[in-house]
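Here's the structure we're looking at; comments come further down.
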Amino acid sequence: MKGAIRQICILVDDLDQAMKDYWEKFGIGPWDVRHFTPDTVRDFYVRGERVTEDFDFICAVTWEGDMELELIQPLKGPNIYWEHLEKFGSGMHHFKIVIPDDEELKAYVKELEDKGLKVTQTGWIDNDVHYYVDSYEQLGVTLELGNGGKISEAEEVYPKRGAERPVSHQQNIRQIALVVKDVERYMENFAYYLDIDGWDVRHFTPEKVRDLYVNGKPVTEGFDFICAVKWVGDMELELVEPIAGENVYWEFLEKHGPGLHHYKDVYPDEEIQREAERLKPYGVQVLQTGWIDGDSHYYLSTENYLHLTLECGNGGRIEAPDYVYYSKRKSEA
């Protein structure tokens, strides 16, 4: 894949409440808040049509380490966010690939278009350009591509510029995960469209996973879910397909269908336990936990606050995969 993954975006229907929850409960912020309107966005196109009528959507951004988190609330006028909110409600919408060179970026967008993906929205804000690509059917996620250009300083900051974080823990985001129905299909598509190939594939079964708990109850037999992972720069992409038994993935597929499920915050187990205890008064529970070799995972019920499931894990060592998957389409070419 060209470029680097530098942003995760969550669409919300109440930005003020979302920023408050992210800040007060998780210490994520402060947020630079901007209204994107005809006064601040130029050359704005939605589904190939230049937008000439009034529009307004709010973008709030903050950095957690080297990952930018973005919250977007559409207010009026044409944009691609309405459809997603109407279909799925608040939740993860896209991740962003940053290619700083404008010409290289345009060439990459053209390459994706030649493969059949369509640009659904584009525009310029100061020196920053964005292109959204309609890749949900193929990849289970909307892609954003941009140059990461400089934008003028935000006039509004929540809660205020230089505010002291109310929570000591700062997130270390090292994985973006999708839950899918056919992991091989998605591995093939990621290889074809983004040249992301050579996935480490593992079946997680009772022979591989110890101390698996789902909704607080131990699961000891009859489960199987496939995890395929691939590092793209300093970000790990994960595709998860549930096969049998109890896990948190079935409910997501039934409600949402394939799509972005969680991002993973990597830090030591002792600190994870402290954070889990700290969040209990807010009703946050551990939905699923287990160990694979030296690696732990904890899925937290953070939907009401973050509008996504938060995975915490220690990033421990896992033994060799069951196999490494390379694109059949490429091997046959």
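The values are calculated or read from the model by the stated rules, or taken from the named source; none is laboratory data. The structure displayed is predicted, hence computed values, not measured ones. Cβ sites come from the backbone with ideal geometry, for glycine too, and all protein chains shown count toward neighbours. These accessible areas exclude ligands, DNA and RNA; they are computed on the full protein's heavy atoms, side chains included. Shrake-Rupley method; radii C 1.70, N 1.55, O 1.52, S 1.80 Å.
Please compute the modelled spin-label separation between Y45 and D126, points set 7 Å along Cα→Cβ, answer in nm with one decimal.
Here the answer is 2.5 nm between the modelled labels.
Between E24 and D102, how many nm apart are label points set 7 Å from Cα along the C-beta direction?
For E24 paired with D102, the spin-label model returns 4.3 nm.
Between Q170 and K110, how many nm apart are label points set 7 Å from Cα along the C-beta direction?
Between Q170 and K110, the label points sit 4.0 nm apart.
Once you list every other residue whose beta carbon is under 15 Å from the beta carbon of F44, what net charge do they have if Lys and Arg are +1 and Asp and Glu are -1?
Working: positive: R34, R42, R47, R50, K76; negative: D39, D43, E49, E53, D54, D56, D126, D128, E144.
For residues surrounding F44, the net value is -4.
For K181 and T52, FRET efficiency with R0 = 56 Å and r from the beta-carbon atoms, rounded to 0.05? Could you put the intermediate results ahead of the total?
Values: r = 40 Å, r/R0 = 0.72.
Here the calculated transfer efficiency is 0.90.
Let me have the 222 nm mean residue ellipticity of the chain computed from DSSP H runs of 4+ only, each contributing -39500 (n - 2.57), with the sum over all residues rounded to the nearest 500.
-6500 deg cm²/dmol
Have a look at I58, V46, G77 and report the one farthest towards the positive end of the charge dipole of region 1-145, computed about the Cα centre with Cβ charges (Lys/Arg +1, Asp/Glu -1).
Selected residue: V46.
For region 258-300, what does the accessible surface come to per residue with a 1.4 Å probe? Please give it in Å².
Per-residue value: 39 Å².
Assuming R0 = 30 Å, what is the FRET efficiency of E156 and Y282, from their Cβ-Cβ distance, to the nearest 0.05?
Working: r = 26 Å, r/R0 = 0.87.
The pair E156/Y282 has a calculated efficiency of 0.70.
Ignoring ligands, DNA and RNA, how do H203, H261 rank by accessible area with a 1.4 Å probe, largest first? Before the final figure, lay out each step's value.
On the way: H203 60, H261 10 Å².
Highest to lowest solvent-accessible surface, that is H203, H261.
Could you work out what % of the accessible surface of region 24-142 is carbon and sulfur, using a 1.4 angstrom probe and leaving DNA, RNA and ligands out of the count?
Carbon with sulfur: 46 percent of the solvent-accessible area.
Once fully extended, how much extra length lies between E251 and D293, figured as 0.36 nm per residue of separation less the alpha-carbon to alpha-carbon distance? Could the numbers behind the result be given before it?
Working: separation 42, 0.36 × 42 = 15.12 nm, distance 2.63 nm.
Fully extending the segment from E251 to D293 adds 12.5 nm.
So, counting K/R as plus one and D/E as minus one, what does the shell of residues with Cβ under 15 Å around R274 add up to?
Numbers: positive: K25, R278, K280; negative: D265, D269, E270, E271, E275, E277.
It works out to a net charge of -3.
Suppose R0 equals 22 Å; then what is the FRET efficiency for R274 and D211 from their Cβ-Cβ distance, rounded to the nearest 0.05? Before the final figure, lay out the partial values.
On the way: r = 19 Å, r/R0 = 0.87.
Once rounded, the FRET efficiency stands at 0.70.
Going highest first, how would you order 45-54, 123-132, 82-91 by mean Cβ packing within 10 Å? It would help to have the intermediate numbers written out before the result.
Values: 45-54: 12.0, 123-132: 18.1, 82-91: 15.0.
The packing order, highest mean first, is 123-132, 82-91, 45-54.
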